[in-house]
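**Student:** Before I ask anything, let me first share the structure, which is written out below as structure tokens.
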Amino acid sequence: MNFCLLRGLFGVVLVLWCFLVEGAEDQLKNASVQRLLMQAKTKMFLAPDSSYYFATEALKVSGESDDKLTEGLILQFLGEILFQQGIYAESGERFLAAADIFKAFGSANYLVENYNFQGRILYKTKNAKISLEMHQLAYELAIDCGDLIGQAKSLGWIGSMHEKSGDYPKALYYQWKSLGVFRRQEMGYLSSQIMENLGSIYEDSENFDSALFYFDAAYQLNLQTGDSLKLISNINNLGDIYRKQGRLEEALTNSLMALQISRLYNDIYQESSALRDISKIYKDKEDFKTSLSYLDTSRMVYQEIFSLESARQLALMEQLSHVKLKDQQISELKYSQVLDKKLKFLLVLLTLLVLGLSLVFYSRQKIKSKSAEELLFHQKKNLYHQQKLMEKEVYHVQLKEQKMADELELNSKSLLAQTLHLIDKNKILEEIRKKLQQTVEDDSKEQKKKIRNLIKMIDFNFVQDTDWDSFRKNFEKVHENFFHQLNGFSQHLTPSDLRLASLMRLNMSSKDIASILGISPESLRISRYRLRKKLNLPKGESLQQFILGI
């Protein structure tokens, strides 16, 4: 009893330990993913190739822990890195892959951001119409899931698309609508980008006072949030508006401030923009020498930007190629491992199949052999019984044949005896008739009359012998179906014809036949002729041979 209890407790502890170990491993992997992502994000603008490397490593670790949602976020981040470096095709692939994951998990908030980014990629690849549709899709999805920030951002991007197509009224409508969402939710601090968009629209439509108002509003919001990089852009925009209003000193002050801050934060993009704006200001002040100097410096910075971007893009492309090659190698290795497993599995399956078939074959052969032995035994037994039955049948047949032979011999003897009796009787009758004829010649009239009557009776006896029926029966026992076959050749045979044919079948001489039938040889010849004619025998064919052949 105690042993069973201890075993149960050990099992529970083991299960808990497995859960704890598995949970600890997942926590370690999640921490590793977050650390790698943090490194990637800090290097996103300064070293995009390194950022891409760390993000790719984070994606691998996330894949090992089977955290699909995190995989989607990392894929989206990789898409952003590639987008910032102008590698739009690969960027679009990452966003599409991330979108599939977000759809599978029903992560609508992430999908809104994803659709807006896809819209930006489509605009960069000269698909402005589809880009607008993608931002509108993001807006509709944000409404469905109640994502207010997503709604406001999507409206902002829709407004930007209309601004770029020159439709300023629509652009203003969507930007104001976006700003309204932020303000209703008391999230005005997030609306600096919308303010800057409004300032840009008013600047394009040459409404510089309104443009100045919204650029300044964006500046104040970014100043509150401490977003230094956006502040530089705001100051540059303010300086450019002051220049366009003819307020050159204020313009120069703002542009020089933007130049100083951009150099402080090493933002060469804003530095180049500030230098161009300062060059334009000095040109408006007709200080062409200073204007040309700042313009030359701007060009040098732009060349530096171009070289830096080219180097970064090249490094990123190399990193991307390296990652693709590595992914391909991993895929090939995985495929090789899967193939190896499949081959091993097939080999094991084939071995088991061969063993199974061998066992089945052996079993079937054994059963077949046993069945064959049993069948052979039964066949021998049946053969033995059949042989015995056949021996009995042969014995009975022999007995039957012997009996039939004996009966046939007896019938033949009876027939022969009867025939001889008929011959002897007819001979005797012939002699009596001759003597009576002699007596008739000598006796009186009355005696003659009586004797003649006696002779007629003897003559009649020659034709209508009562022994004929007995003869026929004995004859048919010896020669079966003779009369039936003979009648088959002719339907007009008389009893006299049948008696003649039966005597001929006994192969008797003409003299004996004539004696038995009580007719003269001449009458016998005529009777033969008539029988031959009734049987339709061709000329030259022997009647005797024909009868013997039946």
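**Student:** All but one of (1) in contact with a Phe, Trp or Tyr (Cβ under 9 Å, 6 or more places away or on another chain); (2) surrounded by fewer than 17 Cβ atoms within 10 Å (Cβ to Cβ); (3) free of Cβ contacts under 8 Å to residues at least 40 places away in the same chain hold for K244; which doesn't?
**Tutor:** (3)
**Student:** So which residues in region 119-130 are surrounded by fewer than 24 Cβ atoms within 10 Å (Cβ to Cβ) and in a helix (DSSP H, G or I)?
**Tutor:** Listed by number, the residues that qualify are R120, I121, L122, Y123, K124, A128, K129, I130.
**Student:** Any chance you could count how many residues in region 26-47 are in a helix (DSSP H, G or I) and either of a type in the set (K, R) or at positive phi (or both)?
**Tutor:** Total meeting the criteria: 3.
**Student:** Looking at (1) among the polar types (S, T, N, Q); (2) surrounded by fewer than 22 Cβ atoms within 10 Å (Cβ to Cβ); (3) within 23 Å of A171 (Cβ to Cβ), which is the one condition that is false for S291?
**Tutor:** Unmet for S291, out of (1) among the polar types (S, T, N, Q); (2) surrounded by fewer than 22 Cβ atoms within 10 Å (Cβ to Cβ); (3) within 23 Å of A171 (Cβ to Cβ): (3).
**Student:** Looking only at region 503-529, count how many residues are in contact with a Leu (Cβ under 9 Å, 6 or more places away or on another chain) and crowded, with 16+ Cβ neighbours inside 10 Å.
**Tutor:** Total meeting the criteria: 14.
**Student:** Among the numbered criteria (1) within 30 Å of A58 (Cα to Cα); (2) modelled with pLDDT of 80 or more, which single criterion is violated by L343?
**Tutor:** Of (1) within 30 Å of A58 (Cα to Cα); (2) modelled with pLDDT of 80 or more, only one is false for L343: (1).
**Student:** Hey, can you tell me all the residues within region 158-184 that are more than 20 Å from A211 (Cβ to Cβ) and buried (at least 17 other Cβ atoms within 10 Å of the Cβ)?
**Tutor:** Passing the criteria: I158, V181.
**Student:** Just name the residue that is nearest to the chain's Cα centre (by Cα) out of those in region 60-73 that are at pLDDT below 90 and among the acidic types (D, E).
**Tutor:** D66
**Student:** Cβ contacts < 6 Å: first residue within 16 Å of L548 (Cβ to Cβ) and of a type in the set (S, T, Y), restricted to region 491-509; second residue part of a helix (DSSP H, G or I) and at pLDDT below 90, any location; separation 6+ or different chain. Result?
**Tutor:** Final answer for the pair search is S502/F475.
**Student:** Does Q464 qualify as being surrounded by fewer than 18 Cβ atoms within 10 Å (Cβ to Cβ), among the polar types (S, T, N, Q) and modelled with pLDDT under 85?
**Tutor:** Yes.
**Student:** Here's another thing I want to ask about it. Which condition does E57 not pass, out of (1) acidic (D, E); (2) under 30 Å from Q85 (Cβ atoms); (3) at pLDDT below 85, if it passes all the others?
**Tutor:** It is condition (3) that E57 fails.
**Student:** Could you grab me the full set of residues in region 483-528 that are in a helix (DSSP H, G or I) and more than 28 Å from R433 (Cα to Cα)?
**Tutor:** If the condition is that a residue be in a helix (DSSP H, G or I) and more than 28 Å from R433 (Cα to Cα), then F483, H484, Q485, L486, N487, G488, F489, R505 are the ones that fit.
**Student:** While we're on this one: Which one is nearest to R120 (Cα to Cα) among residues in region 38-72 that are buried (at least 20 other Cβ atoms within 10 Å of the Cβ) and in contact with a Phe, Trp or Tyr (Cβ under 7 Å, 6 or more places away or on another chain)?
**Tutor:** G72
**Student:** Select from region 74-98 the residues that are modelled with pLDDT of 90 or more, buried (at least 21 other Cβ atoms within 10 Å of the Cβ) and among the aliphatic types (A, V, I, L, M) and write down the one among them that is farthest from A142 (Cα to Cα).
**Tutor:** Only one residue tops the list, namely L78.
**Student:** On to the next question. With within 30 Å of N474 (Cβ to Cβ) and either modelled with pLDDT of 75 or more or out of contact with any Leu (no Cβ under 6 Å at 6 or more places or on another chain) (or both) as the only criterion, which of L389, L408, L383 stands out?
**Tutor:** L408
The values are calculated or read from the model by the stated rules, or taken from the named source; none is laboratory data. Since we're looking at a predicted model, the values are computed, not measured. A quick note on method: Cβ atoms are made from the backbone with ideal geometry, for glycine too, and the neighbour counts reach across all protein chains shown.
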